[in-house]
1. Between segment 253-302 and segment 59-86, what is the C-alpha centre distance in whole Å?
2. Around residue 259, which amide H atoms from residues at least 5 apart in sequence, or from another chain, sit under 5 Å from its own amide H, with H modelled in the peptide plane?
3. Using a 1.4 Å probe on the protein chains only, how many percent of the accessible area of segment 211-351 belongs to carbon and sulfur?
4. Name the residues whose placed amide hydrogens come within less than 5 Å of the amide hydrogen of residue 140, ignoring near sequence neighbours (fewer than 5 apart) on the same chain.
5. In terms of modelled amide H atoms, which long-range or inter-chain residues lie less than 5 Å from the amide H of residue 80?
6. Aspartates and glutamates within cross-link reach of residue 88: Cα-Cα under 13 Å, excluding same-chain residues under 8 positions apart?
7. Once the whole set of protein chains is in place, how much accessible area is left on residue 345, using a 1.4 Å probe, in Å² to the nearest 10?
8. Once phi is turned into θ = phi - 60°, what whole-Hz ³J(HN,Hα) does the Karplus curve with 6.51, -1.76 and 1.60 give for every residue of segment 40-56, x standing for Gly and Pro?
Amino acid sequence: MKSAMREIAGCGASPAPRVTQKRRPLAREEYVEGILRGDRTVLARAVTLIESAREVDRALAEQIVEDCLPHSGNSIRVGITGVPGAGKSSLIEALGRYLIAEQQQKVAVLAIDPSSQISGGSILGDKTRMTTLAASEMAFVRPSPSRGMSGGVAQRTREAMLLCEAAGYRNILVETIGVGQSETAVHEMVDFFLLITLAGAGDELQGIKRGVMELADLVAVNKADGANVTAAERAREEAQSALHFFPAAGSGWTPHAVTCSALTGEGIRELWECVLEYTALTRANGWFGNARREQQRRWMHEMIDQALRKRFDAHPAVRSGVAALERDVAEGRTTSFRAARMLLDAYTRGS
Ligand code: GDP
């Protein structure tokens, strides 16, 4: 039942059928043509392939990503983080509606939930999110990858992002869900990083403590509405002065703090104008392109690390020896260094 619910939630914006039915498999070219035409159903199916743990799906997904790569990159990638309850999904919904209605631009929303890797799907990821936005033809809303997915949550989201770009989405919003340490992973894949905070929660500075504020290009104090307006303004001032403690970024941009309300829509336009200002500035001074190239370089190394680890774990000599060596290390019969060296030697001898 749980996974069936997720299946439905997983269809989100995509007009994929709600009941499980056997669908005709698509060929690589059909996927690519469909994505380039902006077909949301095909895009959703391609993202499902990306998330699949089956080797055959992965191989096809990699080919599709490769074919779409020349058509990707033409977007603004915005990462959005904040504690659960800060209003991330409400704000994304408001921002998405603003971009569609007032800027006539398509929006893709992707999510990262590292806890899904451990629990097989987070509770938060299960809730139906952003329903109004998801109903729009101009939006593609994809909840966090969950079921049966193995390894590389960030990599899967990056690949999904590239496909969305090839499908003509000029605005990509990547949300962090759950309480995992996903902020750095998201920061590594976006152009602009938005931290959503709350006033009056007694922990306005929690972003600083966890090192998240340091990553932020903009801090938005949400829920600045009703009786909360004054407190929100005070929290904004505090965040603003906290931001001064961080060294200036090489981007030439000075991070600052704003207030907004996802509920009333107040401040949403101004928030997006900050994003546009940032991209105009960093495109002009070269930071934008350089940062993306640097990200790609790091992605390459991350993928090598993952692939090597996978090969190492699958190696027969490692598989047969690892359990005994783990016991030896745990019981003090050998050191972790020596055990690691033995396994690595066995791996290199046999590969
Ligand atoms: P998330 O967990 O960070 O995604 O937070 P949600 O978007 O689910 O919002 C948590 C709660 O705060 C929900 O009950 C929202 O209705 C409420 N909320 C979100 N944004 C606002 C806002 O701007 N003003 C007010 N008053 N409530 C909000």
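The values are calculated or read from the model by the stated rules, or taken from the named source; none is laboratory data. These numbers come from a predicted model, not from an experiment. Just so you know, the surface numbers come from the protein's heavy atoms only, side chains and all, with ligands and any DNA or RNA stripped out. Shrake-Rupley method; radii C 1.70, N 1.55, O 1.52, S 1.80 Å.
1. Each part's Cα centre sits 15 Å from the other's.
2. Amide H to amide H, under 5 Å and 5 or more residues apart or across chains, residue 259 pairs with 221.
3. 57
4. Sorted by chain and number, the residues that satisfy this are 107, 108, 109.
5. 174, 175, 176, 194
6. The reachable aspartates and glutamates, counting only those whose Cα sits under 13 Å from residue 88, are 175.
7. 60
8. 5, 5, 5, 4, 4, 5, 5, 5, 4, 4, 4, 7, 5, 8, 6, 4, 5
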